[in-house]
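Each reported figure results from applying straightforward, stated rules to the coordinates on display, with no laboratory input. Predicted model only: the values in this text are computed from it and were never measured. When we count neighbours, we look across all protein chains shown, and the Cβ atoms used for this are built from the backbone with ideal geometry, even at glycine.
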Amino acid sequence: MTAQLIDGLALAQKTRAQVAQRAAAFEQKAGRKAGLTVILVGENPASQVYVRNKVKACEAAGLKSELIVLPAETSQAALLTKIDQLNADTSVDGILVQLPLPPQIDSHRVIEAIAADKDVDGFHVANAGALMTGAPQFRPCTPYGVMKMLESIETPIRGAHAVIVGASNIVGKPMAMLLLAAGATITLCNSKTRDLPAMTRQADILVAAVGRPKLITASMVKPGAVVIDVGINRLDDGKLAGDVDFESVKPVAGAITPVPGGVGPMTIAMLLVNTMESAERRLV
Ligand code: GUN
């Protein structure tokens, strides 16, 4: 048996086409485009690629996107002032500050400074709390995209055992909340987990989001499991690898996401969805 491939690129294209229709309808009604502002502080090469892709995707879907690039030595106060300006700007529907931030800046302070109703990342405590208590306003883009991928292949989630490896605020924790809300039983693993293979082997749905290349090998996967690889790691030879050892796991899993072309494109598509939802909410 070999796993079904979950095509994140194709699903992202479909999602982006749906956003483009909503964006055109919004522009007609509002007399302006829905708008996302992305802030990048510093010159992290991976972040530069991510933000460029986010801005390009917005423009392709008919949204307005502004990229603000600030020098690595930008002070926290200067960044907070910029965010205040964007909070007050009625043409801005979404604000995204690319993480990680340079060490002189407290990312918690920055995230909490973004108006919760423009926090299209869903990272603000108000949005994280709303997700936890069952009335989400913005679902964080990566786990939201994973849910859409699971839906796309009609993965049974109610009653399934979902094991998530990696407990970050960006992916692992909100992933757990979304799967829990959909009726899964959750195991959320972290770097202190004692016997990781014993955990992952129980998974009907296995989500790897740790940033360690090829951590998940065939012997860690239950035959037939749905395996979602959130990792994007640059290897010494310049190639990209996920957190899952794709070639060895593919014959064991029931379905699997590739890297690249899996979760990554869906993260961007869901950012557009969140920005569109924010704009539409602002209009009514
Ligand atoms: N860095 C890595 N992933 C993300 C993301 O989804 N949003 C932001 N703002 N920064 C990130």
Q: For Val41, list long-range residues whose amide hydrogen, built 1.01 Å from N in the peptide plane, is under 5 Å from its own amide hydrogen.
A: Leu70, Gln98
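Tally the DSSP beta bridges in region 30-104 and give the antiparallel ones as a percent, rounded to 5.
Rounded to the nearest five, the antiparallel share is 0 percent.
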Q) Each residue of region 220-226 in order: what ³J(HN,Hα) in whole Hz does its phi give by Karplus 6.51 cos²θ - 1.76 cosθ + 1.60, θ = phi - 60°, with x for Gly and Pro? A) 9, 10, 6, x, x, 5, 8
Q) Share of Cα-Cα pairs in region 98-188 beyond 23 Å, in percent? A) 25
Q. Counting Lys and Arg as +1 and Asp and Glu as -1, what is the net charge of the other residues whose Cβ lies under 12 Å from the Cβ of Lys33?
A. 0
**Q.** Approximate shape of region 45-145 as ellipsoid semi-axes (Cα gyration tensor, √5λ), whole Å, largest first
**A.** 20, 18, 14
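For the ranges 60-69, 46-55, what's the packing order if you count other beta-carbon atoms within 10 Å of each residue, average per peptide, and put the highest first? Each step should come with its number before you reach the end.
Details: 60-69: 18.6, 46-55: 16.0.
Averaged packing, sorted descending, gives the order 60-69, 46-55.
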Q | Cα convex hull volume per residue for region 147-284 (Å³) | A | 120
Q) Roughly speaking, what is the stretch gain from Arg158 to Lys239, that is 0.36 nm per residue apart minus the C-alpha to C-alpha distance, in nm to one decimal? A) 25.5 nm
Q: Answer rounded, prolate or oblate for region 141-204, using the Cα gyration tensor with square roots of eigenvalues a ≥ b ≥ c: rounded when a/c is under 1.5, else prolate when a/b is larger than b/c, else oblate.
A: oblate
**Q.** Ellipsoid equivalent to the chain - semi-axes via the Cα gyration tensor, in Å
**A.** 32, 21, 18
Q | Net length gained if the chain between Ala46 and Ser191 were fully extended (0.36 nm per residue, minus Cα distance) | A | 49.9 nm
Q.
I'd like the distance between the alpha-carbon centres of region 211-284 and region 68-143, rounded to an integer number of Å.
A. 24
Q: Distance check, please: which entries in Lys118/Lys239; Lys148/Lys222; Lys33/Lys173; Lys29/Lys64 exceed 24 angstrom between their Cα atoms?
A: Lys118/Lys239; Lys33/Lys173
Q. Taking the Cα centre of region 27-104 as the origin and placing charges on Cβ (Lys, Arg +1; Asp, Glu -1), which of Thr90, Ile39, Ala57 is farthest toward the positive end of the dipole?
A. Ala57
Q.
Modelling each spin label as a point 7 Å along the Cα-to-Cβ direction, I'd like the Gln85/Ser219 distance in nm, to one decimal.
A. 5.7
